[in-house]
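See structure below.
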Amino acid sequence: MPAKKRTAVKKRPAKAAAPTAPSAPAVPDLPQGVLDLIARSNRLGSDPTITNYGGGNTSAKVRQLNPATGTEVELLYVKGSGGDLGTLTYAGLAAIERDRLVALDAQYRGVDHEDEMVGLFPFCSFGAGGATPSIDTPMHGLVDLDHVDHLHPDAVIALACSADGEKLVQKIWGGAVAWVPWKRPGWELGKTMRELSANPDVIGAVLGGHGLTAWGRTSAEVERRSKKIIREAQQYLDSASKPDPFGALVKSRTPLPEAGRRARAAQLFPHLRAVASADRRMVGHFTDSPVVLDFLSRRKLDKLVALGTSCPDHFLRTKVRPLLLDTPVGAPLEKVQARLAELHAEYRVEYQAYYDRHATASTPALRGADPAIILVPGVGMFSFGADKQTARVAGEFYVNAINVMRGAQGVSRYAPVSEADKFSVEYWQLEEDKLARRPKPKALAGKVALVTGGASGIGLATAELFAQHGACVVIADLDAAKAATVAADLGGPDKAVGVAMDVSDPDAVTAGLAEAVLAFGGVDIVINNAGITRAGSLADTSLRDWDLQYSIMPRGSFLVARAAEPVLRAQKLGGDIINVCSKNAVFAGPNNIAYSSAKAAQAHMVRLLAAELGDIGVRVNGINPDGVVRGSGIFAGGWGASRAKTYGVAEDDLGKYYAQRTVLKEEVLPEHIAKAALALTDGSLPITTGLLIPVDSGVTQAFLR
Ligand code: NAD
């Protein structure tokens, strides 16, 4: 009987359609309409003039068999909440049975209750439903045409945020593109879109203070229309704009030359990070693109900055307005610090007042009162976020805002939505729910770790483990090419960067630290791991070998700690310094005078620095590894062969041979040292400083007393 049943099911057409259900997303079996939607979304999302990162959404309606009933249903496939068009895949689409979504109108209680509609979307899901449907779902689902694009192009938002936007839209498109006054996304906006799209002469709408929505019968048609509207908006701005929409250049805000600008940015960044991180630890992103520098050097800068950003999903990341540093371009650091402290205090008071002006009993709690964007005329823009990608995107959004302001000022006057409307999006319960759905931050999220000698062995294992736990990692190594490769393998500039650094050279250390700071806004964890070994008896140790080992290990650790200290101090976020020493720092083995005493110097530096840096919350600890053969460049570079010969074992068995000499009889691997470094920095040992941890499987002669 069961076999018979299976055969019967196999013959049903519904079975043939099954692979298209969300639980079986085999790409070749997807309906053409969905394939077209994904391809179109990727094209639109990869052009920054068409939409910002994560901004906008697209949809297609397709008819498909429901494998559960064997009947055909109309499905709405729409980009889900939180995704990005440029990288959209099938998994990022919500799948909704359209007739059920449309029927929700019967439940709609009016604009004051429209948020509750979002709670009903899951009841319209097709199968498992795919991604979480976003608040923009009605804008797609209620339109009767099969394809809809909702986008955030700077050129269209410039019109949407112009004081006389409605008139301009009428002038450019004469009714083919409608004007919709600002309305928070939701059911009501969806109904408006349905009415407008019912008119065959209207191809789309400019949404006041927000963006663009266009529709079409086919994917090609809506894409053509979206691009046409954006192109024509840009052409209008280009032809009708008055010169210098941001006003004349201000001489005292002339950008510094590139090298000086970047040096200044590196000097200021840790101080600015402290300002952005008073409530919550942030990492930073720096931009000194021509668009930013031009805006920062114009007369109307102060006035425009005060008006804040424009598009709803912009100010969620950028905050309602940036902090503008108003000290002269070349002012001494102490003056800048003093003024920054004043401006920060003012910013926090104003932000709290903004919250208090608009919050009601049901408003989500204040999310922190520090700025996310700090503008420094003559230098550039510093943006901040809980991780590097968020910080970078916040900066990109403010560049969008600059483009929008330039366009609007050129043809009209920049007039973003009212403060109350901005607040209603920034502290929208639905946005709060979206934030709550994010995964719990990893243990090292928001921290920047600099690992010297990070391109090989123990340093590499530490860099990998730290990146896995959410840290931004700087691979600082003599071998710059290898450092760059490791950084790329760890996920590229949002996760890791490689910097060339000879830790024995003070200038190279200063330059490498500055690069690290420019990449992520500062440094929280310093791992002094770079090292070499040149073993030998007293008689065999040349002065060159002595100096070389001392220059890299104690001197290198000193130079890196000395360069990092002002950064750690300025950030006001505490921090960690870890010296990777050695069991040889303790154990007086034969024929190793230079290496072992150099390691002992590094180990004692741990205690000295721990005592000195406690007042700025910096913990200083050390790790004493032993016998890490696997992955170690030190052992691979001849040292392993010589040791193996000495002990009469094969070089490949050296690790196991060392293990047999230990209490636990375990081979020590680079990952073991990395885990010790993680335990010292992930909050497990928050009040431990001045400690040396042996990671050696138990070498009794190296037990600490
Ligand atoms: P490794 O050779 O695999 O890695 C060392 C890295 O340091 C390399 O990438 C190298 O390019 C870099 N480096 C060398 N000189 C540098 C300089 N002047 N500036 C910047 N980078 C430089 O070595 P490993 O075995 O991973 O050792 C890492 C650290 O651990 C060293 O300090 C070493 O003394 C210590 N240690 C190793 C062992 C072991 O058994 N492997 C045991 C105890 C301590």
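The values are calculated or read from the model by the stated rules, or taken from the named source; none is laboratory data. Here the structure is a predicted model, which means the values were calculated and not measured. FYI the Cβ positions are ideal-geometry reconstructions off the backbone, even for glycines, and counts take in every protein chain you see.
Exactly one condition in (1) assigned to a helix (DSSP H, G or I); (2) among the aliphatic types (A, V, I, L, M); (3) closer than 19 Å to Leu450 by Cα is not met by Ala601; state its number.
Just one mismatch for Ala601, condition (3).
Take the residues in region 658-680 that are small (Gly, Ala, Ser) and under 39 Å from the mean Cα position of the chain (by Cα), then tell me which one is farthest from the ligand (Cβ to nearest atom). It would help to see each step written out before you state the result.
Restricting attention to region 658-680, the residues satisfying the condition of being small (Gly, Ala, Ser) are 659, 674, 676-677, 679.
Imposing the further condition that a residue be under 39 Å from the mean Cα position of the chain (by Cα) reduces the set to 674, 676-677, 679.
Details: Ala674: 10, Ala676: 12, Ala677: 11, Ala679: 17 Å.
This residue is Ala679.
Report whether or not Gly589 is within 14 Å of the ligand (Cβ to nearest atom) and surrounded by fewer than 17 Cβ atoms within 10 Å (Cβ to Cβ).
On the way: within 14 Å of the ligand (Cβ to nearest atom): yes; surrounded by fewer than 17 Cβ atoms within 10 Å (Cβ to Cβ): yes.
Judged against the criteria, Gly589 is a match.
Restricting attention to region 624-639, which residues are surrounded by 15 or more Cβ atoms within 10 Å (Cβ to Cβ) and more than 8 Å from the ligand (Cβ to nearest atom)?
Within region 624-639, the subset surrounded by 15 or more Cβ atoms within 10 Å (Cβ to Cβ) is 624-636, 639.
Once the filter is applied, which keeps residues that are surrounded by 15 or more Cβ atoms within 10 Å (Cβ to Cβ) and more than 8 Å from the ligand (Cβ to nearest atom), region 624-639 yields Arg630, Trp639.
List pairs: first residue in region 599-627 and without any contact (Cβ under 8 Å) to a residue 40 or more places away in the chain, second residue among the hydrophobic types (A, V, I, L, M, F, W, C) anywhere in the structure, Cβ distance under 7 angstrom, at least six positions apart or on different chains.
Partner pairs satisfying both residue conditions: Ala600/Ala585.
Okay, residues lined up against (1) buried (at least 24 other Cβ atoms within 10 Å of the Cβ); (2) more than 10 Å from the ligand (Cβ to nearest atom):
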{"residue": "Val517", "(1), (2)": "yes, yes"}
{"residue": "Phe520", "(1), (2)": "yes, yes"}
{"residue": "Ile525", "(1), (2)": "yes, yes"}
{"residue": "Thr533", "(1), (2)": "no, no"}
{"residue": "Gln549", "(1), (2)": "yes, no"}
{"residue": "Ser557", "(1), (2)": "yes, no"}
{"residue": "Glu565", "(1), (2)": "no, yes"}
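Residues in region 443-459: is at least one of a type in the set (D, E, K, R), buried (at least 24 other Cβ atoms within 10 Å of the Cβ) and more than 16 Å from the ligand (Cβ to nearest atom)?
Within region 443-459 (the criterion being of a type in the set (D, E, K, R), buried (at least 24 other Cβ atoms within 10 Å of the Cβ) and more than 16 Å from the ligand (Cβ to nearest atom)), the answer is yes, since at least one residue qualifies.
Table: residues versus (1) at pLDDT below 95; (2) assigned to a helix (DSSP H, G or I); (3) basic (Lys, Arg).
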{"residue": "Ala205", "(1), (2), (3)": "no, no, no"}
{"residue": "Thr213", "(1), (2), (3)": "no, no, no"}
{"residue": "Arg224", "(1), (2), (3)": "no, yes, yes"}
{"residue": "Ile229", "(1), (2), (3)": "no, yes, no"}
{"residue": "Tyr236", "(1), (2), (3)": "no, yes, no"}
{"residue": "Ala265", "(1), (2), (3)": "no, yes, no"}
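If Ser537 satisfies every condition in (1) farther than 30 Å from Leu268 by Cβ; (2) surrounded by fewer than 24 Cβ atoms within 10 Å (Cβ to Cβ); (3) within 16 Å of the ligand (Cβ to nearest atom) but one, which is the exception?
Only one criterion in (1) farther than 30 Å from Leu268 by Cβ; (2) surrounded by fewer than 24 Cβ atoms within 10 Å (Cβ to Cβ); (3) within 16 Å of the ligand (Cβ to nearest atom) is unmet by Ser537, namely (3).
Among the listed residues Lys303, Lys319, which satisfies the condition of being within 27 Å of Ser418 (Cα to Cα) and surrounded by 20 or more Cβ atoms within 10 Å (Cβ to Cβ)? Spell out how you get there, then give the answer.
Working: Lys303 fails: surrounded by 20 or more Cβ atoms within 10 Å (Cβ to Cβ).
None of the others qualify; the one that does is Lys319.
Scan region 609-622 and give yes if some residue there is within 16 Å of the ligand (Cβ to nearest atom), part of a loop (DSSP other than H, G, I, E, B) and either at pLDDT 95 or above or touching an Asp or Glu at 6+ places or on another chain (Cβ under 7 Å) (or both), otherwise no.
No, region 609-622 contains no residue that is within 16 Å of the ligand (Cβ to nearest atom), part of a loop (DSSP other than H, G, I, E, B) and either at pLDDT 95 or above or touching an Asp or Glu at 6+ places or on another chain (Cβ under 7 Å) (or both).
Residue by residue through region 686-703, note down the ones that are over 14 Å from Val606 (Cβ atoms) and touching a helix residue (DSSP H, G or I) at 6+ places or on another chain (Cβ under 9 Å). Lay out the reasoning, then the answer.
First, pick out the residues of region 686-703 that are over 14 Å from Val606 (Cβ atoms): 686-687, 695-703.
Across region 686-703, the qualifying residues are Val695, Asp696, Ser697, Val699, Gln701, Ala702.
Any residue at all in region 483-496 that is part of a loop (DSSP other than H, G, I, E, B), surrounded by fewer than 20 Cβ atoms within 10 Å (Cβ to Cβ) and free of Cβ contacts under 8 Å to residues at least 40 places away in the same chain?
yes
For region 464-482, which residues satisfy the criterion of being over 17 Å from Ile634 (Cβ atoms) and buried (at least 24 other Cβ atoms within 10 Å of the Cβ)? Explain how you work it out, then say what you get.
As a first pass, look at region 464-482 and keep what is over 17 Å from Ile634 (Cβ atoms): 464-476, 480-481.
Of everything in region 464-482, those that are over 17 Å from Ile634 (Cβ atoms) and buried (at least 24 other Cβ atoms within 10 Å of the Cβ) turn out to be Phe466, Ala471, Cys472, Val473, Val474, Ile475, Ala476.
Quick one: Leu654 ticks every box in (1) surrounded by fewer than 18 Cβ atoms within 10 Å (Cβ to Cβ); (2) more than 37 Å from the chain's Cα centre (by Cα); (3) more than 9 Å from the ligand (Cβ to nearest atom) except a single one, so which number is it?
If we test Leu654 against (1) surrounded by fewer than 18 Cβ atoms within 10 Å (Cβ to Cβ); (2) more than 37 Å from the chain's Cα centre (by Cα); (3) more than 9 Å from the ligand (Cβ to nearest atom), just (1) comes out false.
Does Pro441 satisfy being outside the structural domain of Val580 (by TED's automatic domain parsing) and either touching a residue at least 60 places away in the same chain (Cβ under 8 Å) or outside any helix (DSSP H, G or I) (or both)?
Numbers: outside the structural domain of Val580 (by TED's automatic domain parsing): yes; either touching a residue at least 60 places away in the same chain (Cβ under 8 Å) or outside any helix (DSSP H, G or I) (or both): yes.
Here the answer is yes, as Pro441 does meet what is asked.
Filter region 52-96 down to the residues that are farther than 28 Å from His152 by Cβ and assigned to a strand (DSSP E or B) and list them by number.
Taking region 52-96 and keeping what is farther than 28 Å from His152 by Cβ, we get 63-73.
Residues satisfying the conditions are Arg63, Gln64, Leu65, Asn66, Thr71, Glu72, Val73.
Which numbered condition in (1) among the acidic types (Asp, Glu); (2) farther than 13 Å from Gly407 by Cα; (3) free of Cβ contacts under 8 Å to residues at least 24 places away in the same chain is the only one that Asp238 fails?
With respect to (1) among the acidic types (Asp, Glu); (2) farther than 13 Å from Gly407 by Cα; (3) free of Cβ contacts under 8 Å to residues at least 24 places away in the same chain, Asp238 is out only on (2).
Count, please, the residues in region 593-602 that happen to be within 11 Å of the ligand (Cβ to nearest atom) and not hydroxyl-bearing (Ser, Thr, Tyr). Full working, then the answer.
As a first pass, look at region 593-602 and keep what is within 11 Å of the ligand (Cβ to nearest atom): 595-596, 598-599, 602.
When the remaining residues are screened for being not hydroxyl-bearing (Ser, Thr, Tyr), the result is 598-599, 602.
Adding up the residues that qualify gives 3.
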